[in-house]
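Participant: Before we start, here is the structure in question, set down as structure tokens.
The values are calculated or read from the model by the stated rules, or taken from the named source; none is laboratory data. Quick caveat: nothing in here was measured; it's all calculated off a predicted structure. Because the Cβ atoms are built from the backbone with ideal geometry, glycine has one as well, and the counts that use them run over all protein chains shown.
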Amino acid sequence: MVKDLERIFHYFPQLTELQKDQFTQMGPLYLELNQQVNVISRKDIQELYIKHILHSLAIAKFTSFVEDTELVDLGTGGGFPGLPLAILFPQCRFLLIDGTAKKIGVVNEVIQALGLQNAVGYQKRSEELKQTFDYVLARAVTRMNKLIPQCRHLISKNHRNALPNGLITLKGGDLTEELQEVNKQGYFEQVALIDYYEEEFFETKSLVYAQL
């Protein structure tokens, strides 16, 4: 796990000492919490830094966020991609939601343990949210034809970043058919994560941005 932590530092050399410390704490923290509530598969927990944290941070390779950007992470599970990004962008505000109370309990324990002032977790469904955000984030939640209706009402019409407001999602496998189903519902951009990272895990992973 220590070797994998070094990959975070390798790909993000601009990290402050505080950010390095927060990422260092994440490994032991999730190992401990995952024994109480299984938010990460037993098979993947030893590869947390590559398969969950570095994967989440691919969004930061695709774009950056200006101060006061507001983001919501739908179906966050154990806090991904929201929490790694909250560490990386302390000047932005992150709301992490999931329908499962135990998962949100873990998310808020991690937030408290890391001292994150810019993130909060709530047990909510996307349709219950009334406020709007600059970006909706999602990681392996559901197919795009189901995800887009869940998040369209959450996207603000007021743009503050160079990248127009929209949905940023991390997905795996061949997305040709999935994106064809929704190609008339907005502008889509797909990026292969192997363009950012050299690890084999990312060969089948993509980021999809949708301006809705």
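Participant: Considering only region 134-146, state which residues are farther than 22 Å from Pro84 by Cα and either part of a helix (DSSP H, G or I) or among the hydrophobic types (A, V, I, L, M, F, W, C) (or both). Steps first, please.
Facilitator: Quick first cut of region 134-146, residues farther than 22 Å from Pro84 by Cα only: 143-146.
Listed by number, the residues that qualify are Met144, Asn145, Lys146.
Residues are listed down the side, and each one gets a yes or a no for (1) at pLDDT below 95; (2) under 22 Å from Ser64 (Cα atoms):
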{"site": "Gly82", "(1), (2)": "no, yes"}
{"site": "Ile87", "(1), (2)": "no, yes"}
{"site": "Phe94", "(1), (2)": "no, yes"}
{"site": "Asp98", "(1), (2)": "no, no"}
{"site": "Ile104", "(1), (2)": "no, no"}
{"site": "Val107", "(1), (2)": "no, no"}
{"site": "Ala113", "(1), (2)": "no, no"}
{"site": "Arg125", "(1), (2)": "yes, no"}
{"site": "Tyr135", "(1), (2)": "no, yes"}
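Participant: Could you list, in sequence order, the residues of region 190-212 that are under 19 Å from His10 (Cβ atoms) and surrounded by 15 or more Cβ atoms within 10 Å (Cβ to Cβ)?
Facilitator: So the first thing to find is which residues in region 190-212 are under 19 Å from His10 (Cβ atoms), and the list is 193-203, 205.
Leu193, Ile194, Tyr196, Tyr197, Glu199, Phe201, Phe202, Lys205, listed by residue number.
Participant: On to the next question. Within region 71-122, take every residue that is within 20 Å of Val141 (Cα to Cα) and among the acidic types (Asp, Glu) and give me the one that is surrounded by the fewest Cβ atoms within 10 Å (Cβ to Cβ).
Facilitator: Asp98
Participant: Can you pull out the residues in region 71-91 that are part of a loop (DSSP other than H, G, I, E, B) and either of a type in the set (A, V, I, L, M) or within 8 Å of the chain's Cα centre (by Cα) (or both)?
Facilitator: Here is the first cut: in region 71-91, the residues part of a loop (DSSP other than H, G, I, E, B) are 75-81, 89-91.
Thr76, Gly79, Phe80, Pro81, listed by residue number.
Participant: Still on this model: Run Glu127 past the list (1) of a type outside the set (Gly, Ala, Ser); (2) within 14 Å of the chain's Cα centre (by Cα); (3) surrounded by fewer than 21 Cβ atoms within 10 Å (Cβ to Cβ) and report the number of the one that doesn't hold.
Facilitator: (2)
Participant: So for region 92-107 (the condition being touching a residue at least 60 places away in the same chain (Cβ under 8 Å), part of a loop (DSSP other than H, G, I, E, B) and not small (Gly, Ala, Ser)), does at least one residue qualify? Step through it out loud before you land on a result.
Facilitator: Quick first cut of region 92-107, residues touching a residue at least 60 places away in the same chain (Cβ under 8 Å) only: 102-103, 105-106.
Filter once more, keeping what is part of a loop (DSSP other than H, G, I, E, B): none.
No, because not a single residue in region 92-107 is touching a residue at least 60 places away in the same chain (Cβ under 8 Å), part of a loop (DSSP other than H, G, I, E, B) and not small (Gly, Ala, Ser).
Participant: Can you tell me which of Phe23, Phe65 is aromatic (Phe, Trp, Tyr) and either touching a His at 6+ places or on another chain (Cβ under 9 Å) or not in a helix (DSSP H, G or I) (or both)?
Facilitator: On the way: Phe23 fails: either touching a His at 6+ places or on another chain (Cβ under 9 Å) or not in a helix (DSSP H, G or I) (or both).
Only one candidate qualifies: Phe65.
Yes/no per residue for (1) assigned to a helix (DSSP H, G or I); (2) more than 28 Å from Ile50 (Cβ to Cβ); (3) modelled with pLDDT of 95 or more; (4) over 19 Å from the mean Cα position of the chain (by Cα):
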{"residue": "Asn161", "(1), (2), (3), (4)": "no, no, yes, no"}
{"residue": "Leu170", "(1), (2), (3), (4)": "no, no, yes, no"}
{"residue": "Asn183", "(1), (2), (3), (4)": "no, yes, no, yes"}
{"residue": "Phe188", "(1), (2), (3), (4)": "no, no, yes, no"}
{"residue": "Val191", "(1), (2), (3), (4)": "no, no, yes, no"}
{"residue": "Glu198", "(1), (2), (3), (4)": "no, no, yes, yes"}
{"residue": "Phe202", "(1), (2), (3), (4)": "yes, no, yes, no"}
{"residue": "Leu207", "(1), (2), (3), (4)": "no, no, yes, no"}
{"residue": "Ala210", "(1), (2), (3), (4)": "no, no, yes, no"}
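Participant: Test each condition in (1) surrounded by fewer than 23 Cβ atoms within 10 Å (Cβ to Cβ); (2) assigned to a helix (DSSP H, G or I) for Ile53 and report the one that comes out false.
Facilitator: Result: Ile53 fails condition (1) only.
Participant: Hey, another quick one. Could you give every pair whose Cβ atoms fall below 6 Å, whose first residue belongs to region 173-197 and is free of Cβ contacts under 8 Å to residues at least 60 places away in the same chain and acidic (Asp, Glu), and whose second residue is surrounded by 15 or more Cβ atoms within 10 Å (Cβ to Cβ) and not in a strand (DSSP E or B), counting only separations of at least 6 or pairs across chains?
Facilitator: Glu178/Met144
Participant: Just one of Ile40, Ile8 is in contact with a helix residue (DSSP H, G or I) (Cβ under 8 Å, 6 or more places away or on another chain), aliphatic (A, V, I, L, M), surrounded by 15 or more Cβ atoms within 10 Å (Cβ to Cβ) and at pLDDT below 95; which is it? Before you say what the answer is, go through the steps one by one.
Facilitator: On the way: Ile8 fails: at pLDDT below 95.
Result: Ile40 is the single residue among Ile40, Ile8 that is in contact with a helix residue (DSSP H, G or I) (Cβ under 8 Å, 6 or more places away or on another chain), aliphatic (A, V, I, L, M), surrounded by 15 or more Cβ atoms within 10 Å (Cβ to Cβ) and at pLDDT below 95.
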